[in-house]
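Notes for the one structure printed next.
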Amino acid sequence: MNAPWKSGLPGNRDPFAAYICDDAALDVLRPVVIEMGWQPEKCNKGGLRNAVQSLSVSASPAILLVDLSESGDPLNDINALAEVCEPGTVVIAIGQVNDVRLYRDLLASGIHDYLLKPLNAQAVHDALNGALAIFTAPKAGDGEAVKRHISTAVVGTRGGVGASTIATSLAWLFSEHHGSPTALLDLDVHFGTGALALDLEPGRGLTDAIDNPSRIDGLFIERAMIRANDNLSILSAEAPISQPLMTDGAAFVQLEEEFRQAFEMTVIDLPRNMLINFPHLLADVNLVLLTCELTLASARDTIRILSWLKTNAAHAHPMIVANKAQPNVAEISKADFEASIERKIDFMVPYDVKAASNAAKLGQVFIEANKSSKATIAIKQIAERVMGASEEDLAAVTEEKKSLLGGFDLKGLLAKKDKTEAEPAE
């Protein structure tokens with residue numbers, strides 16, 4: 001069978017080889033290999049250890065499919081495989097363990113993809129095509145230089161603090177005012193308002209991705225995402241509230257990976273419960289905009305989430321955004337809030353209920369419907385900070401604190417709240 005894409009593969013080695021543990025998987029794989037124009041004899045019986053032994057005395061193929069099913073320590077065994085593989089070999093692993101952490105660790109070790117048993121012919125075909133695309137893609141330095149990608153997660157410390165308003169506004173600004181191709185991912189799967197704020201129907205893209213993570217690729221992204229403007233695409237959902245969210249989070253990780261390839265900016269509207277259930281969502285996030293309000297409950301949860309980020313996502317640079325700010329009538333003052341969380345508030349977004357109502361009536365994002373609002377000015381400043389973040393800023397980690405919780409004096413704040421005299425405006 002003729003295969004015109006073979007010219008993109010390294011010419012001095014075999015295009016493909018596989019080392020598979022069981023006959024059932026071989027029966028699925030061989031027809032796909034024949035369809036791809038390769039020799040079915042390259043599908044060998046035996047898993048990862050057999051691959052290491054064989055490749056230690058022979059040249060590596062361009063694409064290697066290896067079975068981890070009989071491996072007791074996949075990560076260490078993959079490292080052993082790396083020692084005998086020639087540079088440039090694209091490795092696809094298959095296994096029986098459905099674990100997102102293992103998936104992430106394997107990708108970090110250099111694996112191109114990870115497929116679950118029992119094998120599906122279409123999934124195998126898609127994975128092999130994806131591996132082929134690496135050899136036909138433009139190399140670094142060919143054509144336009146690769147642009148950096150900034151991923152920003154917007155997390156609300158409490159319900160109703162306006163995190164979704166901030167997220168949709170930032171996505172709109174990145175796309176419309178800065179001209180950057182932007183993806184908005186609304187992960188409030190049952191009650192998200194991202195599409196609603198943009199006066200769009202959410203479609204089924206996100207629910208389809210959750211149900212079928214293996215389908216997620218560049219073509220899926222192009223078809224499933226809803227266009228808000230020339231540079232902004234949104235993936236949202238209104239999943240039936242009678243159906244609980246049944247996912248291990250693999251779909252979300254895959255979506256973020258595809259966004260990095262297709263867009264310059266990603267904005268994730270990330271509910272607190274998703275942060276807890278799927279901590280790996282922040283694995284490749286550069287900035288976390290922690291949206292809060294000047295209340296005791298919000299101060300407490302800001303401390304807790306900052307502590308969580310320090311432990312679980314130390315690479316992500318946190319920014320504190322106090323939304324719906326009303327200094328003269330705030331439950332606690334800005335100074336007391338900052339003292340309790342042991343860091344400064346980065347941005348204060350003024351409360352403007354009329355502007356929020358106006359945006360809802362017009363079916364527009366907040367900043368588009370209220371261009372002269374003081375709140376809009378503050379959100380634009382946030383966008384400028386994110387867009388202007390240097391590589392050092394993206395890699396920055398907050399300095400060690402003695403104890404985030406140790407500085408939180410609820411009794412003192414409550415005593416100040418009960419004073420009859422109003423707190424001076426900040």
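Would you pick out the residues in region 226-252 that are open to solvent by 90 Å² or more (accessible area, probe 1.4 Å) and polar (S, T, N, Q)?
Selection gives S242, Q243.
Listed here are the residues, each with its yes/no results for (1) part of a helix (DSSP H, G or I); (2) free of Cβ contacts under 8 Å to residues at least 40 places away in the same chain; (3) open to solvent by 40 Å² or more (accessible area, probe 1.4 Å).
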| residue | (1), (2), (3) |
| --- | --- |
| W38 | no, yes, no |
| E41 | yes, yes, yes |
| N98 | no, no, yes |
| R104 | yes, no, yes |
| D126 | yes, no, yes |
| A133 | yes, yes, yes |
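Restricting attention to region 75-96, which residues are in a strand (DSSP E or B) and among the aliphatic types (A, V, I, L, M)?
Answer for region 75-96, where residues must be in a strand (DSSP E or B) and among the aliphatic types (A, V, I, L, M): V90, V91, I92, A93, I94.
Is it true that some residue in region 285-293 is over 17 Å from S151 (Cα atoms) and crowded, with 22+ Cβ neighbours inside 10 Å?
Scanning region 285-293 turns up at least one residue that is over 17 Å from S151 (Cα atoms) and crowded, with 22+ Cβ neighbours inside 10 Å.
Which one of the conditions (1) in contact with a Phe, Trp or Tyr (Cβ under 9 Å, 6 or more places away or on another chain); (2) modelled with pLDDT under 90 does L65 fail to meet, given that it meets all the rest?
The one condition L65 does not meet is (2).
Tell me which of these D22 doesn't satisfy, since it passes every other one: (1) more than 16 Å from V124 (Cα to Cα); (2) surrounded by fewer than 19 Cβ atoms within 10 Å (Cβ to Cβ).
For D22, the failing item is (1).
Restricting to region 253-264, what's the tally of residues that are open to solvent by less than 10 Å² (accessible area, probe 1.4 Å) and modelled with pLDDT of 90 or more? Lay out the reasoning, then the answer.
To start, the set of residues in region 253-264 that are open to solvent by less than 10 Å² (accessible area, probe 1.4 Å) comprises 253, 255, 259.
Remaining after also requiring modelled with pLDDT of 90 or more: 255, 259.
So the answer is 2.
Would you be able to say whether some residue in region 64-74 is within 15 Å of R13 (Cα to Cα), assigned to a strand (DSSP E or B) and in contact with a His (Cβ under 7 Å, 6 or more places away or on another chain)?
For region 64-74, residues within 15 Å of R13 (Cα to Cα), assigned to a strand (DSSP E or B) and in contact with a His (Cβ under 7 Å, 6 or more places away or on another chain): absent.
Confirm whether D199 is acidic (D, E), more than 24 Å from I150 (Cβ to Cβ), modelled with pLDDT under 90 and open to solvent by less than 50 Å² (accessible area, probe 1.4 Å).
Answer is no for this residue.
In the list I382, I377, which residue meets the criterion of being within 19 Å of W172 (Cβ to Cβ) and surrounded by fewer than 18 Cβ atoms within 10 Å (Cβ to Cβ)?
I377
If F278 satisfies every condition in (1) surrounded by fewer than 18 Cβ atoms within 10 Å (Cβ to Cβ); (2) of a type in the set (A, V, I, L, M, F, W, C); (3) out of contact with any strand residue (DSSP E or B) (no Cβ under 8 Å at 6 or more places or on another chain) but one, which is the exception?
Against the list (1) surrounded by fewer than 18 Cβ atoms within 10 Å (Cβ to Cβ); (2) of a type in the set (A, V, I, L, M, F, W, C); (3) out of contact with any strand residue (DSSP E or B) (no Cβ under 8 Å at 6 or more places or on another chain), F278 comes up short only on (1).
Might you let me know whether region 386-404 holds any residue that is assigned to a helix (DSSP H, G or I), within 15 Å of I166 (Cβ to Cβ) and at pLDDT 90 or above?
Yes - at least one qualifying residue is present in region 386-404.
Please list, ordered by first then second residue, the pairs with beta carbon atoms under 8 Å, 6 or more apart or interchain, first in region 70-96 and in contact (Cβ under 8 Å) with a residue 12 or more places away in the chain and within 20 Å of F135 (Cα to Cα), second among the hydroxyl-bearing types (S, T, Y) and surrounded by 15 or more Cβ atoms within 10 Å (Cβ to Cβ).
Listed by first residue and then by second, the contacts come to A82/S109; C85/S60; E86/S60; T89/S60; I92/Y114; A93/Y114.
If a residue has to be touching a residue at least 12 places away in the same chain (Cβ under 8 Å) and either charged (D, E, K, R) or touching an Asp or Glu at 6+ places or on another chain (Cβ under 7 Å) (or both) to count, how many in region 371-388 make the cut?
5
Looking only at region 104-148, how many residues end up being modelled with pLDDT of 80 or more, farther than 15 Å from Q261 by Cβ and within 19 Å of the chain's Cα centre (by Cα)?
Total meeting the criteria: 3.
Based on this model, can you work out whether L296 counts as more than 24 Å from F191 (Cα to Cα) and open to solvent by 10 Å² or more (accessible area, probe 1.4 Å)?
Criteria met by L296.
Considering only residues of region 343-362 that are touching a residue at least 60 places away in the same chain (Cβ under 8 Å) and over 27 Å from the mean Cα position of the chain (by Cα), which is surrounded by the most Cβ atoms within 10 Å (Cβ to Cβ)?
Among them, the one singled out is A359.
The values are calculated or read from the model by the stated rules, or taken from the named source; none is laboratory data. No experiment lies behind these values; they were computed from the predicted model shown. Positions of Cβ are generated from backbone atoms using ideal geometry, with glycine treated the same way; all protein chains shown enter the neighbour counts. For the accessible areas, the whole protein counts, side chains as well, though only heavy atoms, and no ligand, DNA or RNA atoms are used. Shrake-Rupley method; radii C 1.70, N 1.55, O 1.52, S 1.80 Å.
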